[in-house]
Amino acid sequence: MYEEIAAKKFKGLQSKDDYLILAIESSCDETSAAVTRGRDVLSLVIASQIEIHKRFGGVVPEIASRNHVSAIRNTVDEALKQANVSPSDISAVAVTYGAGLLGALLVGVSYAKALAYAMNVPLIKVNHVRGHISANYIADKSLEPPYLCLLASGGHTAIVEVVGYDDVKVIGTTQDDAVGEAFDKVARVLGLPYPGGPEIEKLAKDGKPTIDFPKGFHNKNTLDFSYSGLKTSVINYMHTAAQKGEEVNKADVACSFQKSAVGVMTENVEKALLKTGLKTVVIAGGVASNKHLREEMEKVGKKHGVNVIYPPLKLCTDNAAMIGACAYNLIKEGKGRASLDLDASASVSLE
Ligand code: KG4
Ligand code: ZN
């Protein structure tokens, strides 16, 4: 009975704009819920577990799952409260089903299924990475495909051609580590806490780019990335200095690493802009919060006369508002409806 009602209601939403979505995200170490209307965010609650995982130097999957279980109910209730709506005002429940930590995803997926069933509304499944890209629809209400996206997260580094709301083409990707992963690993070598990206950015402010770390695939005719060479080079630099008993200026290391890591991305974005002729480029993923990357992308925008868009800081890292924005576009295209047997997936293809 539920499935028929949900299918019917789902169809009814396609031609509407002003309905409310309750969105849930639990793929890694943030439990998040949001109420969205189209591209507007009525509320966004993020219960971060960063402080819990910090002492282990990274996310411990089992601990993440347990904390999602204890946080999810309050997070969802708080999102409804802050939006000043009741469950009966909600027209669809959206949830991240992958990619991410399986146990963590399962908490959000199970909770979303139960809510959708209890509220008798359609359940929408959202790909986490597509969610990151969709944060830009909240940032710029006039953004529409086609456009170029630099995806820079903990799990991905890619140049994506967003052809349609549910149609993306990966035209360049990392052959080894993701850029966020490189930030995290280099931070660890520098003795900085998890998550490393923001810590490197902070430390880099006090440094100068005095060290010439390699840029993967620099000057090569490819839109692909490689971050393992850069990462290894920083690690070797630190080890060699330690062996010689030399004092290292960590701020300079952070600044030099950040310059190389960002340089590869902007270089590839420039090549991709020339190749595709697209006039808008957006940045998505946790690394999009990096100020140096934003500034360098602004320069690329000016040089090529293209529009550069990136989400506000709160919407760059994991949050449920981006999941709601993505679900809204999927619904418009008649896509994304899941039945109650929806499963979480640790890996989901971006395309
Ligand atoms: O996009 P995200 O949630 O990861 C995936 O979905 O895969 O982003 C997390 C990543 C981490 O690697 C974190 O270190 C990085 O984004 N990050 C940053 C900054 N803030 C977060 N990297 C560089 N600079 C930042 N300010
Ligand atoms: Zn993420």
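Miscellaneous remarks
- Note on the chain: Rg/Rh from Cα positions, Kirkwood definition for Rh, rounded to two decimals, is 1.00.
- Inverting the pair-averaged 1/r between distinct Cα atoms of the stretch 209-351 gives 18.2 Å as its Kirkwood hydrodynamic radius.
- Distant-in-sequence amide H partners of Thr157 (H built 1.01 Å from N, under 5 Å): Thr174, Val179
- By the count of other C-beta atoms within 10 Å, a proxy for reagent exposure, Cys326, Cys149, Cys255 are ordered fewest to most as Cys255, Cys149, Cys326.
- Relative to its Kirkwood radius, the Cα radius of gyration of the stretch 75-114 gives an Rg/Rh of 1.03.
- Helix 250-276 axis, angle to the chain major axis (alpha carbon atoms, nearest 10°): 60
- Note on Asp89 and Ala118: the extension gain reaches 9.1 nm, defined as 0.36 nm multiplied by sequence separation minus the Cα-Cα distance.
- Straight-distance crosslink candidates among aspartates and glutamates, where the alpha carbon sits under 16 Å from Lys16 and sequence neighbours closer than 8 are dropped: Asp40, Asp89, Glu333
- Between 0 and 90 degrees, the angle of helix 102-119 with respect to the longest Cα principal axis of the chain falls at about 20 degrees.
- Between Lys141 and His239, the FRET efficiency from the beta-carbon distance, with R0 = 51 Å, is close to 0.55.
- Put in order of Cβ neighbour count within 10 Å, fewest first, the listed residues His292, His68, His304 become His304, His292, His68.
- Spin-label model distance (nm) - Arg188 vs Ile5, 7 Å beyond Cα toward Cβ: 4.8
- Dipole moment magnitude, nearest 20 debye, the chain about Cα centre, only Lys, Arg, Asp, Glu C-beta charged: 420
- 13 Å reach of a label modelled at Leu313, 7 Å along Cα-to-Cβ, counting backbone N of the stretch 177-200: 198-199
- Centroid-to-centroid, using Cα positions, the stretch 232-256 and the stretch 9-23 are 54 Å apart.
- Straight-distance candidates among the aspartates and glutamates for linking to Lys215, with alpha-carbon spacing under 16 Å and chain neighbours fewer than 8 residues away dropped: Asp176, Asp177, Glu181, Asp224, Glu267, Glu270, Glu296.
- All Cα pairs of the stretch 1-91, percent lying beyond 18 Å: 54
- Sum of side-chain charges, Gly324 neighbourhood, beta-carbon under 11 Å (Lys, Arg +1; Asp, Glu -1): 0
- Whichever lysines have a C-alpha closer than 18 Å to that of Lys202, once near sequence neighbours (fewer than 8 apart) are set aside: Lys54, Lys185, Lys250, Lys259, Lys291, Lys314
- Fraction of beta bridges assigned by DSSP in the chain that are antiparallel (%, nearest 5): 60
- A Förster distance of 30 Å, applied to the separation of the beta-carbon atoms of Ser70 and Asn249, puts the FRET efficiency at 0.10.
Values in this text are rule-based calculations from the coordinates and carry no lab data. Here the structure is a predicted model, which means the values were calculated and not measured. Virtual Cβ from ideal backbone geometry, glycine too; neighbours counted across all protein chains shown.
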